[in-house]
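The values are calculated or read from the model by the stated rules, or taken from the named source; none is laboratory data. Worth saying up front: this structure is predicted, and the values here are computed from it rather than measured. Using ideal geometry, Cβ is built from the backbone for each residue, glycine included, and neighbour counts are taken over all protein chains shown.
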Amino acid sequence: MRYLRLLGAFYRTSIQTDMEYRADFFTRIIASLLGLLTTIGSLSVAFTYTTNIKGWSFSHVMVLLAVYYLMDGLIETFIAPNMRNIMAQVREGTLDFVLLKPVVPQFMATLRTINIWRIANILVALGLAGYSISRLSLSVGLSEASSFAITLLAGTAVVYSFWLFLVTLTFWFVRLDNIEQVIWQAFEAGRYPIEIYPYWLRGALTYVIPVAFIITVPAKALTGQLAFSYSFVALGMGCLSILLSSAFWRYGLRFYTGASS
């Protein structure tokens with residue numbers, strides 16, 4: 001309960017800070033809609049020549065695109081701001097102020113900030129998902145909803161772990177900004193079905209940067225294309241990734257040299 005109260009205090013402070021820039025919310029909405037319309041336009045051109053691409057119909061791809069925007073919103077709202085702060089604090093030697101607090105350092109460092117205006121992407125994603133599912137005439141029951149929630153949670157855990165692993169490397173390699181850009185470029189590939197890519201790239205997007213796991217798997221769960229039992233496999237992978245990245249984080253802290261060192 002103590003950590004939940006702390007989390008509430010952190011988020012209230014972040015929201016109060018972000019409320020100074022309310023126009024940013026509408027800018028984000030417009031930017032998200034423009035990006036969405038551009039992607040839908042390019043996909044519409046492709047689907048004028050075929051009814052499906054590697055087993056994906058246009059409406060199924062729209063669900064995939066909705067999950068992409070949803071995950072993008074979750075990352076930019078809850079994960080990315082904290083991870084970028086850690087990299088900046090390591091460069092400046094000010095991570096000490098986090099480590100000296102009487103709480104678990106990983107909790108304090110990776111969960112204390114949110115970017116409230118990035119919720120615009122989440123709202124756009126939910127609207128697109130609802131529209132796409134209605135076009136498919138799908139009945140999303142308890143099984144599909146539960147499977148989607150579990151796989152989305154697992155995918156978010158994998159993204160969090162991947163970022164945590166990346167920022168931990170800053171204890172040895174101070175500047176990793178370019179690596180972050182590479183990851184975002186790979187994430188952009190997730191807005192399209194993973195099956196359309198060459199075998200080698202498909203493998204990279206599945207096992208090196210697990211874009212397929214965090215986007216394609218939840219999309220298949222939402223449309224009933226995923227066995228419910230696989231949801232628990234995904235959850236196990238998410239928990240394992242959290243454990244491994246946390247262990248690596250604690251190991252990396254031994255090598256941190258801050259302002260007080």
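What tally of residues in the stretch 1-50 results from selecting those that are surrounded by 15 or more Cβ atoms within 10 Å (Cβ to Cβ), hydroxyl-bearing (Ser, Thr, Tyr) and either closer than 19 Å to LEU74 by Cα or modelled with pLDDT of 80 or more (or both)?
Residues flagged as surrounded by 15 or more Cβ atoms within 10 Å (Cβ to Cβ), hydroxyl-bearing (Ser, Thr, Tyr) and either closer than 19 Å to LEU74 by Cα or modelled with pLDDT of 80 or more (or both) within the stretch 1-50 amount to 3.
What do you reckon, is MET62 under 30 Å from PHE248 (Cβ atoms) and surrounded by 22 or more Cβ atoms within 10 Å (Cβ to Cβ)?
Numbers: under 30 Å from PHE248 (Cβ atoms): no; surrounded by 22 or more Cβ atoms within 10 Å (Cβ to Cβ): yes.
The answer is no for MET62.
Quick one: ALA259 ticks every box in (1) in contact with a Ser or Thr (Cβ under 9 Å, 6 or more places away or on another chain); (2) modelled with pLDDT under 90; (3) exposed (fewer than 13 other Cβ atoms within 10 Å of the Cβ); (4) part of a helix (DSSP H, G or I) bar one, so which box is it?
Against the list (1) in contact with a Ser or Thr (Cβ under 9 Å, 6 or more places away or on another chain); (2) modelled with pLDDT under 90; (3) exposed (fewer than 13 other Cβ atoms within 10 Å of the Cβ); (4) part of a helix (DSSP H, G or I), ALA259 comes up short only on (4).
For ARG12, which of the numbered conditions (1) under 22 Å from ARG118 (Cβ atoms); (2) not in a helix (DSSP H, G or I) fails to hold?
So the condition that ARG12 fails would be (2).
Hey, which of the helices (runs of 4 or more DSSP H) in the stretch 129-241, taking only ones fully inside, have at least 1 residues that are closer than 24 Å to THR38 by Cα and either at pLDDT below 80 or touching a Gly at 6+ places or on another chain (Cβ under 7 Å) (or both)?
On the way: elements: 142-168, 177-188, 199-203, 217-222.
Ranges flagged: 177-188, 217-222.
Report yes if SER231 is surrounded by 13 or more Cβ atoms within 10 Å (Cβ to Cβ), over 20 Å from SER143 (Cα atoms), touching a residue at least 60 places away in the same chain (Cβ under 8 Å) and touching a Ser or Thr at 6+ places or on another chain (Cβ under 9 Å), otherwise no. Even if it seems obvious, please write down each step before you answer.
Details: surrounded by 13 or more Cβ atoms within 10 Å (Cβ to Cβ): yes; over 20 Å from SER143 (Cα atoms): no; touching a residue at least 60 places away in the same chain (Cβ under 8 Å): yes; touching a Ser or Thr at 6+ places or on another chain (Cβ under 9 Å): yes.
Criteria not met by SER231.
Kindly evaluate PHE97 against the criterion of being farther than 30 Å from ALA46 by Cα, more than 15 Å from the chain's Cα centre (by Cα), free of Cβ contacts under 8 Å to residues at least 12 places away in the same chain and not in a helix (DSSP H, G or I).
Working: farther than 30 Å from ALA46 by Cα: yes; more than 15 Å from the chain's Cα centre (by Cα): yes; free of Cβ contacts under 8 Å to residues at least 12 places away in the same chain: yes; not in a helix (DSSP H, G or I): no.
So PHE97 fails the test.
Sort out which residues of the stretch 49-89 are farther than 24 Å from ALA149 by Cα and not aliphatic (A, V, I, L, M), and write them in order of number.
TYR49, THR50, THR51, ASN52, LYS54, ARG84, ASN85, GLN89 - these are the residues of the stretch 49-89 that are farther than 24 Å from ALA149 by Cα and not aliphatic (A, V, I, L, M).
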